[in-house]
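Everything on this sheet refers to the single structure shown next.
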Amino acid sequence: MGLTLLGLLLAMWLALSVETTTFWTSNNMANLLRQGAMIAILAIGETFVIITGGIDLSVGAVAGFVSMAVALLLANHLAIASTIAGAVAISLAIGVIIGVFHAFGVVQMGLPPFIMTLATMYALRGLGLLITNGATISIDNDAFTGFSRASFLGFPWTDGTWFQVPMLFWMVIVIAVPTYFLLIRSRWGRYLYAIGSNKEAARLSGVNVKAITYLAYIVSSFCAAFCGILLAMRIGIGNPTQAEGWELQAIASSVIGGTSLFGAVGSIHGPLIGSFILTTINNGANLLNLNPFWQRIITGLLIIVVVYFDTLRTRKR
């Protein structure tokens, strides 16, 4: 599945390189990596929840709320909270708390994940607007905002220019590597797959279903909070209405990357490739001057096709 997705992505890049002279340039490819980075991080976190058979509709709202929170912390000079390290640490802690709250609702209260995270999505948007009174919080910390424009390492590009790998893309690696070992190389990862396959059988086998479910939702919200911090860095403002609709892009990236909505199937590399497939569609459509509404239609059709084949695969089990 991974090689098929990678082949599809490369084929899209080749086709766009032929159709437009501006796609295969160092500037555009660096911009593509920046655009896909944050959705990729959201998709990785979302995958943990989907593997258990759940769903997290709040990741976009969490990212928007945290972008507001980190901006407020940096703007209000309150001891360590106003430093970059302090503001980032507190913002990530907010993400963990939201993840614990989601898991509590699902595990302890028995609420469906769809309802629990949908309610949080609306509540976080409203709470953020209440705190800010609908205002946008500007970030004047150049060290903080400059990080998103920075790059690390580079190499000669095919057009004779110098390609620099954006720091935002390196942040994807920072998230992808530990989550890969957590999901694929640890017993907790195996427990996640077991819960998604058959929760009752996993419980009878000695798996602490409640604790592992908490882990899945905490990872999802942590990734969303991390994304919110990067979002605030990139655009230099904090606003709880930001990242609207990103939860659907994260779910789409995960599903396109091979994660089954029925649970028990998923990886880390799949959502990464899936996110950049969606980003390539959007980037290519802009370069080709296509109507932006076509981007949504293409994405929707792609999701339908992928879920259809996933359904067929599940029926054959």
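The values are calculated or read from the model by the stated rules, or taken from the named source; none is laboratory data. These numbers come from a predicted model, not from an experiment. Glycine also receives a Cβ, built like all others from the backbone with ideal geometry; neighbour counts cover every protein chain displayed.
Things to note:
- Residue within the range 155-169 that is in contact (Cβ under 8 Å) with a residue 60 or more places away in the chain, in contact with a Phe, Trp or Tyr (Cβ under 7 Å, 6 or more places away or on another chain) and either within 30 Å of PHE262 (Cβ to Cβ) or basic (Lys, Arg) (or both) present: no
- Failed condition for TYR308, given (1) aromatic (Phe, Trp, Tyr); (2) under 28 Å from THR21 (Cα atoms); (3) without any contact (Cβ under 8 Å) to a residue 12 or more places away in the chain: (2)
- Residue count for the range 253-305 satisfying the condition of being more than 30 Å from ASN27 (Cα to Cα) and free of Cβ contacts under 8 Å to residues at least 40 places away in the same chain: 2.
- Flag if GLY64 is assigned to a helix (DSSP H, G or I), under 30 Å from ILE98 (Cβ atoms) and touching a residue at least 12 places away in the same chain (Cβ under 8 Å): yes
- Of everything in the range 1-41 that is in a helix (DSSP H, G or I) and polar (S, T, N, Q), the residue that is surrounded by the fewest Cβ atoms within 10 Å (Cβ to Cβ) is THR4.
- For the range 187-215, the candidate set comprises residues that are among the hydroxyl-bearing types (Ser, Thr, Tyr) and modelled with pLDDT of 95 or more; within that set, the residue that is surrounded by the most Cβ atoms within 10 Å (Cβ to Cβ) is THR213.
- Taken over the range 209-252, residues that are within 12 Å of the chain's Cα centre (by Cα), within 24 Å of TYR191 (Cβ to Cβ) and of a type in the set (Gly, Ala, Ser) amount to 5.
- Enumeration of residues in the range 75-97 that are surrounded by fewer than 16 Cβ atoms within 10 Å (Cβ to Cβ), touching a helix residue (DSSP H, G or I) at 6+ places or on another chain (Cβ under 6 Å) and at pLDDT 95 or above: VAL96
- Checking LEU118, LEU73, LEU130 one by one, the residue that is in contact with a Ser or Thr (Cβ under 8 Å, 6 or more places away or on another chain) and either outside any helix (DSSP H, G or I) or free of Cβ contacts under 8 Å to residues at least 24 places away in the same chain (or both) is LEU73 and no other.
- Every residue from the range 141-192 that is under 26 Å from MET29 (Cβ atoms), out of contact with any Lys or Arg (no Cβ under 7 Å at 6 or more places or on another chain) and of a type in the set (S, T, N, Q): THR145, SER151, THR158, THR161, GLN164, THR179
- When each of LEU118, LEU72, LEU111 is tested for being modelled with pLDDT of 90 or more and under 18 Å from GLU244 (Cα atoms), the lone residue that passes is LEU118.
- Residue within the range 229-236 that is part of a loop (DSSP other than H, G, I, E, B), within 29 Å of THR25 (Cα to Cα) and touching a residue at least 24 places away in the same chain (Cβ under 8 Å) present: yes
- For the range 147-186, a residue qualifies if it is of a type in the set (A, V, I, L, M, F, W, C), exposed (fewer than 12 other Cβ atoms within 10 Å of the Cβ) and assigned to a strand (DSSP E or B), and the qualifying residues are PHE152, LEU153, PHE155, TRP162.
- For VAL106: the one exception among (1) more than 22 Å from the chain's Cα centre (by Cα); (2) part of a helix (DSSP H, G or I): (1)
- Criterion: aliphatic (A, V, I, L, M), on the phi > 0 side of the Ramachandran plot and in contact with a Cys (Cβ under 9 Å, 6 or more places away or on another chain) - qualifying residue of ALA243, ALA264: ALA243
- Meets criteria (part of a helix (DSSP H, G or I), in contact (Cβ under 8 Å) with a residue 24 or more places away in the chain, out of contact with any Gly (no Cβ under 7 Å at 6 or more places or on another chain) and not polar (S, T, N, Q)) for ARG190: no
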